[in-house]
Amino acid sequence: MTTSKKPGLHRFALFTAGCTLLLLVAGALVTSNDAGLSVPDWPLSYGSLTPPMVGGIRYEHSHRLIASFVGLLTIVLAVWLWLREPRPWVRRLGLVALGAVIAQGVLGGLTVWFFLPVPISVAHASLAQLFFSTVISLALFTSRWWQSDLPQLDDSGAPRVRQLGLWSVAAIFLQLILGAALRHKGFGIVPHLAGAAVVTFLVFWTAAVLRRRFPESAVLARCRVLLHALLGFQLLLGGAAWWSRVAAREFPQPMPVMVWLTVAHTVVGALVLAGAVVVALVCFRILNPAREAALASHSEAAPLRLSR
Amino acid sequence: MRSPYSLYLVMAAALAFSLLSCGKKEETTEKAPAVTPAAAPVDLATVGSVSGTVKLDGPAPKPKKINMAAEPSCAAIHASSPAFDEEVVEGEGGTLANVVVYVKEGAGNRAFEPPKTPVTLDQKGCTYIPHVVALQASQPLDVINSDKTTHNIHPVPKNNREWNKSQPPGAPNIEEVFGREEVAIPVKCNVHPWMKSYIAVFKHPYFQVTKTNGSFELKNLPAGTYTIEAWHEKYGTTSQTVTLAAKESKTVSFVFKAASGD
């Protein structure tokens, strides 16, 4: 495997991921404060780069400024990867991130031009989550840990942990789309609740399988804790956010408790997806499907076998 | 090591699938209403009227105070007299303001020339004045900004063209028209999310918005049978059928039931 161990690149990817998280907070604040159309024009704001920062304009224009900064960081990251990264697939992923951030900017503009149509608003919210996970993945791929020689574990159970990890990621992403559709009044609460049940089941299943098959792996133990902690926190936030929405419905303006709880629920949702992506990638990195197990076993409690 | 692109393919497919499942907002293009020749010209010598009051049965919800701290120029205006939401404005004896009373059926296919005089909607102290306006289709609506801050005016119609315009302090009035009948179009200012208003649009002149005393009068109605409807932003609609003879005036009352929990 041709690798590069460039701590500068890894730190820059981490910084970009941090700024993207801040951008998610800013975007969620726009939606929760119903400020999405407080600036009627795009790409400029009130025909300038420095509109009056009053009321909802503060949220919308701050979101645009942070988004521009993240776009700039992504350009630098993609160019840096292209010039210095020997692994072609990592270079290509840098370009994917760049394409995603450009598409995200265009979707944001379309939401303004077409008065927040539900499909475009949902696409804007969902692509934000995908972009964040992509940048987190780049930070993982450029890390020293990912590029070091790691002991390989045989996964001889069925279903494969890799598969479970992928299913979890897909379910969480679908759930985030349903959440975005709920926030943008495309769907009601029921699909989102059903999605929460499916995600909870899959995450618990994945974590349980990891514990049963690889009880001695410290890395996978951390993955289990990460999944449980993020999901548990997100479920609590989900309940609180819904309560606050119902309680604040009668008020003439968005109430701070509702705003911050819904923002937290949205942002932690992005962290849940990114966490699940990281766990799935770690499983791809250190778990090898044992060939014979595919033929013989359908049991989840397959014996532990270590290999390098 | 396998590249993890399969992960991204799965997520891209999920996004595409879900977006296809999401509801598509219906586009509406505004067209002027089809003008048909008057079925029978209104003879002003024989017209009658329907008048009455609108009341609320039960306690009105307590008005909620608006926090304008986010907009210091408006907060200063309301420093001595705080602003409250105008969702339910009750007068003495349970009379109800901001109710649109109008002829829903019975005006026939008469075509009425829209008045040239504009109806005004002012933004003052970060509130819309009046809270509910009614006008005829194609009658001009003048939006005024009397505040020292920027507003955006964003009507969200179902049957007319949606628009969203900014209006900085001192900017000229915005003149717009709505071509189709619609009761009622919510209007928002996304800069100041507490600002809400409604615009009711009719193809005839038989409508009125009640003041605090809850009274209304629909004048110049030719003899005939009419469905008179009352619309309120919180309590919805209620209607009655009235038959008018030539030169006859009738009185009707509308009563909305206060929602439980108010």
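The values are calculated or read from the model by the stated rules, or taken from the named source; none is laboratory data. Remember, it's a predicted structure, so these values are computed and weren't measured experimentally. Cβ: placed from backbone, ideal geometry, glycine included. Neighbour counts: every protein chain shown. Side chains are part of the model used for accessible areas, which takes the heavy atoms of the whole protein and leaves out ligands, DNA and RNA. Shrake-Rupley method; radii C 1.70, N 1.55, O 1.52, S 1.80 Å.
Considering only residues that are open to solvent by less than 30 Å² (accessible area, probe 1.4 Å) and part of a strand (DSSP E or B), look in region B:100-115 and name the one that is nearest to B:Val209 (Cα to Cα). Looking at the filtered set, the residue picked out is B:Val100.
For region B:176-189, indicate whether the set of residues that are within 26 Å of A:Glu250 (Cβ to Cβ), of a type outside the set (Ser, Thr, Tyr) and in a loop (DSSP other than H, G, I, E, B) is non-empty.
The first filter runs over region B:176-189 and keeps only residues within 26 Å of A:Glu250 (Cβ to Cβ), leaving B:182-189.
From what is left, the residues that are of a type outside the set (Ser, Thr, Tyr) are B:182-189.
Retained after the next criterion (residues that are in a loop (DSSP other than H, G, I, E, B)): B:189.
The answer is yes, given that some residue of region B:176-189 is within 26 Å of A:Glu250 (Cβ to Cβ), of a type outside the set (Ser, Thr, Tyr) and in a loop (DSSP other than H, G, I, E, B).
Taken over region A:179-218, the residue count meeting the criterion of being open to solvent by 40 Å² or more (accessible area, probe 1.4 Å) and part of a helix (DSSP H, G or I) is 14. With respect to being free of Cβ contacts under 8 Å to residues at least 40 places away in the same chain and among the aromatic types (Phe, Trp, Tyr), A:Trp89 fits the description. None of B:Lys234, B:Lys247, B:Lys211 is within 14 Å of chain A (Cβ to nearest Cβ), in a loop (DSSP other than H, G, I, E, B), touching a residue at least 40 places away in the same chain (Cβ under 8 Å) and open to solvent by 10 Å² or more (accessible area, probe 1.4 Å) except B:Lys234.
Looking only at region A:26-39, residues that are assigned to a helix (DSSP H, G or I) and within 14 Å of chain B (Cβ to nearest Cβ) come to 4 in all.
Cβ-Cβ distances below 8 Å connect no pair with a first residue in region B:187-198 that is on the phi > 0 side of the Ramachandran plot, a second residue that is assigned to a strand (DSSP E or B) and crowded, with 22+ Cβ neighbours inside 10 Å, and a separation of six or more residues or different chains. One residue alone among A:Leu22, A:Leu44 is within 14 Å of chain B (Cβ to nearest Cβ), aliphatic (A, V, I, L, M) and surrounded by fewer than 16 Cβ atoms within 10 Å (Cβ to Cβ), and that residue is A:Leu44. Checked against the criterion of being open to solvent by less than 60 Å² (accessible area, probe 1.4 Å) and in contact (Cβ under 8 Å) with a residue 40 or more places away in the chain, the candidates A:Ala270, A:Ala241 yield just one match: A:Ala270. Got at least one residue in region A:40-51 being among the aromatic types (Phe, Trp, Tyr) and part of a loop (DSSP other than H, G, I, E, B)? Yes - at least one qualifying residue is present in region A:40-51. Number of residues in region A:235-264 that are closer than 15 Å to A:Leu29 by Cβ and acidic (Asp, Glu) equals 0.
Which of the residues spanning region A:85-124 are within 11 Å of chain B (Cβ to nearest Cβ), open to solvent by less than 30 Å² (accessible area, probe 1.4 Å) and within 18 Å of the chain's Cα centre (by Cα)? Across region A:85-124, the qualifying residues are A:Leu93, A:Ala97, A:Ala100, A:Ser121, A:Val122, A:Ala123. Entry remark, region B:218-262: residues being of a type outside the set (Lys, Arg) and farther than 18 Å from B:Val89 by Cα number 23 in total. Within region A:161-172, does at least one residue satisfy the condition of being within 12 Å of chain B (Cβ to nearest Cβ), in a helix (DSSP H, G or I) and among the polar types (S, T, N, Q)? The answer is yes; a qualifying residue exists. Against the conditions (1) open to solvent by 30 Å² or more (accessible area, probe 1.4 Å); (2) within 30 Å of A:Arg245 (Cβ to Cβ); (3) in contact with a Cys (Cβ under 9 Å, 6 or more places away or on another chain), A:Arg162 satisfies every one except (2).
In region A:179-193, the qualifying residues are those that are over 19 Å from the mean Cα position of the chain (by Cα) and touching a residue at least 12 places away in the same chain (Cβ under 8 Å), and the one that is farthest from the other protein chains (Cβ to nearest Cβ) is A:Ile189. Quick one: would you say A:Arg245 is more than 12 Å from chain B (Cβ to nearest Cβ), under 21 Å from A:Ala35 (Cα atoms) and at pLDDT below 95? The answer is yes for A:Arg245.
This table checks each residue for (1) of a type in the set (D, E, K, R); (2) open to solvent by 10 Å² or more (accessible area, probe 1.4 Å); (3) out of contact with any Gly (no Cβ under 7 Å at 6 or more places or on another chain).
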residue: B:Thr117; (1), (2), (3): no, yes, yes
residue: B:Tyr128; (1), (2), (3): no, no, yes
residue: B:Lys188; (1), (2), (3): yes, yes, yes
residue: B:Pro205; (1), (2), (3): no, yes, yes
